[in-house]
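Since the structure comes first, as structure tokens, the remarks are kept for the end.
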Amino acid sequence: MHSLTKHRTIRLATTGLMLAAGALVELRLMNGYSVPALLALPCGLAVGLGVGHLLEVLTARLVTTVYRCPDAACTYKVSVAHVDPGERRRWQETAAAHPVHELNYRP
């Protein structure tokens, strides 16, 4: 299986799991207050999506590498994820010698 397809499959499964978990937890909590299931279900789905998004952002931060221009006045940066060491090195060199350096320069 291609790594991008594998990544999408894992992401889809995780999103489904978070939706189901959020919906079940919310339904269980609101059942004690006699809230109708059709009202509690959207709340649970929103909670599940929120937690899923938070986990996705945190894991993206763990696997993403950011390369910045070595000039302190330049704001150019490159973010890469899921690449091999050779590709990482190429992006690091690109960030160090990017072609639009003069356009981003702030004295």
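The values are calculated or read from the model by the stated rules, or taken from the named source; none is laboratory data. This one's a predicted model, so the numbers in the text were calculated from it and none came from an experiment. Reconstructed Cβ throughout: ideal geometry from the backbone, glycine too, with neighbour counts over all protein chains shown. The area values use the complete protein model at the heavy-atom level, side chains included, leaving out ligands, DNA and RNA. Shrake-Rupley method; radii C 1.70, N 1.55, O 1.52, S 1.80 Å.
Given the whole protein assembly as supplied and a 1.4 Å probe, what does the accessible area of residue 98 come to in Å², nearest 10?
Only protein atoms counted, so the area is about 10 Å².
Per residue, how much space in cubic angstrom lies within the convex hull of the C-alpha atoms of region 4-64?
Measuring per residue, one finds 64 Å³ for the Cα hull of region 4-64.
Using only alpha-carbon positions, what ratio does the radius of gyration of the chain give when scaled by 2.2 N^0.38 Å?
The value comes to 1.64.
Could you rank 26, 87 by how accessible they are, 1.4 Å probe, largest area first?
87, 26
Given a 1.4 Å probe and the protein chains all in place, what does the accessible area of residue 67 round to, in Å² to the nearest 10?
The value for residue 67 is about 40 Å².
Using the heavy atoms of the protein chains and a 1.4 angstrom probe, tell me the accessible area per residue for region 21-107 in square angstrom.
Roughly 75 Å² per residue, with all protein chains present.
Would you list the membrane-span-like helices of the chain, meaning whole DSSP H runs whose alpha-carbon atoms span at least 24 Å along their axis and whose mean Kyte-Doolittle value is at least 1.0?
On the way: long enough: 3-31 (41 Å, 0.49); 37-63 (38 Å, 1.69).
TM-like helix candidates: 37-63.
Label points 7 Å out from Cα along the Cβ direction at residue 78 and residue 55: separation in nm?
Simple spin-label model gives 3.2 nm for this pair.
Which value, in Å² rounded to 10, gives the accessible area of residue 84 with a 1.4 Å probe and all protein chains present?
90
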